[in-house]
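Visitor: This is the structure I have questions about; it appears just below.
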Amino acid sequence: HAWHLEVHSDLGLGTEFRLRLPLDLALSQALICVAKGSPYALAVDRVERVTQLEPGQRTTLAGRPGLRLGETTIPLLTLRDLLPGDAATAPSEGPTPLVLLRTRRGLLALAPDLILGQRDVAFRPLDPFLAELELVQSSCVLADGSVALQLDPLALARQAVARRATGRRAPRPRKVRVLVVDDSEITREVMAQVVESIGYQAIQARDGVDALERLSEAKPALVLSDLEMPRMGGRELTRQIRARPG
């Protein structure tokens with residue numbers, strides 16, 4: 001993993017320099033954000049869109065912050081709330097910047113204090129004393145010499161699901177089944193946690209087609225469904241359920 005420099009010189013012809021760099025120093029594109037005065041990096045290939053929080057978009061998802069995108073609601077995480085330490089610096093006034101991130105578990109929204117823009121960086125493995133940081137997967141050095149930690153989108157997705165809703169569990173003689181239907185794994189798990197926190201049994205389906213297959217075997221008392229999903233959305237699912245005998 002060390003740098004390697006080769007110099008070849010031919011009299012009367014010139015000199016050739018060959019610099020070999022380790023693979024982990026290859027340049028990547030990163031979106032640089034700021035929270036609590038420190039820079040953080042997000043791999044550009046995980047960024048769906050950079051935008052601002054518009055009036056009326058802020059909502060709740062199972063009692064936790066959410067972002068309304070058309071007829072879909074996704075988890076909304078505020079970066080400074082996920083970081084250790086106190087809020088020594090307040091976020092600047094004005095529109096709230098947003099980064100929409102694609103993860104293997106679905107789409108989520110991340111709100112930093114500031115977005116500096118896109119940079120070419122070389123991500124490096126974390127030093128051993130930083131390896132236990134839950135949300136971080138690597139680091140990079142910016143042009144001004146400051147170090148930016150690269151955030152792990154999958155770890156952010158786990159944070160969105162791990163924030164369980166609190167509530168008083170009502171005693172029930174038996175588990176009432178609720179079918180939760182959503183193509184976003186993050187949203188689906190959050191809703192399932194809320195359902196289970198109040199004493200019901202949550203059954204999950206990834207879209208309307210999957211939900212119809214589970215109806216016969218699970219026989220849920222209630223169906224909670226997203227509207228926009230691949231293969232079959234919530235409206236068509238509702239029509240299909242109403243058309244079923246019994």
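Visitor: Given the chain, what percent of its DSSP beta bridges are antiparallel, to the nearest 5?
Guide: Bridges in the chain are about 75 percent antiparallel.
Visitor: If you don't mind, another one. Angle, helix 185-197 long axis vs. longest principal axis of the chain, Cα atoms, 0 to 90°, nearest 10?
Guide: 50
Visitor: Further, regarding this structure: Starting from the 7 Å offset along Cα-to-Cβ, what nm value, one decimal, do you get for the label separation of Ser146 and Arg206?
Guide: According to this spin-label approximation, the distance is 4.0 nm.
Visitor: Right, something else. Enter the accessible area per residue of the chain (Å², integer; probe 1.4 Å; all protein chains in place).
Guide: Result: 59 Å² per residue.
Visitor: If you take the charge dipole of the chain about its Cα centre, with +1 on Lys and Arg Cβ and -1 on Asp and Glu Cβ, which of Gly234, His8, Gln52 is farthest toward its positive end?
Guide: So the residue furthest toward the plus end is Gly234.
Visitor: In debye to the nearest 20, how big a dipole does the chain give about its Cα centre with +1 on each Lys and Arg Cβ and -1 on each Asp and Glu Cβ?
Guide: I would put it at about 1720 debye.
Visitor: Where the accessible area of the chain is counted over protein heavy atoms with a 1.4 Å probe, how much of it, in %, is carbon and sulfur?
Guide: Values: 7540 of 14630 Å².
Exposed carbon and sulfur together represent 52 percent of the surface.
Visitor: Let me ask another. Angle check, please: helix 153-162 long axis (alpha carbons) against the longest principal axis of the chain (alpha carbons), in degrees 0 to 90, nearest 10.
Guide: 30
Visitor: Could you give the semi-axes, largest first, of the ellipsoid that matches the chain, computed as the square roots of 5 times the alpha carbon gyration tensor eigenvalues and rounded to whole Å?
Guide: 46, 22, 17
Visitor: How long are the semi-axes of the equivalent ellipsoid of segment 6-65, taking √(5λ) for every eigenvalue λ of the Cα gyration tensor, in whole Å from largest down?
Guide: 50, 12, 11
Visitor: Which one of Ala148, Leu212, Ala62 has its Cα pushed farthest toward the positive end of the charge dipole of the chain, where Lys and Arg give +1 and Asp and Glu give -1 at the Cβ?
Guide: Of the listed residues, the answer is Leu212.
Visitor: Once you put a point 7 Å from the Cα of Ile241 and another 7 Å from the Cα of Glu185, both along the Cβ direction, what distance in nm separates them?
Guide: Taking the simple label geometry, Ile241 and Glu185 are separated by 2.4 nm.
Visitor: Follow-up. Note down the relative contact order for the chain as a percent, whole number, built from C-alpha pairs under 8 angstrom at least six residues apart.
Guide: That works out to 16 percent.
Visitor: In degrees, nearest 10, range 0 to 90: what is the angle between the Cα axis of helix 234-243 and the longest Cα principal axis of the chain?
Guide: Orientation of helix 234-243: about 20 degrees from the principal axis.
The values are calculated or read from the model by the stated rules, or taken from the named source; none is laboratory data. In this text, all values refer to a predicted model and were calculated from it rather than measured experimentally. Here Cβ is always computed from backbone atoms with ideal geometry, including for glycine, and neighbour counts include all displayed protein chains. Only protein heavy atoms, including side chains, enter the accessible area calculation; ligands, DNA and RNA are left aside. Shrake-Rupley method; radii C 1.70, N 1.55, O 1.52, S 1.80 Å.
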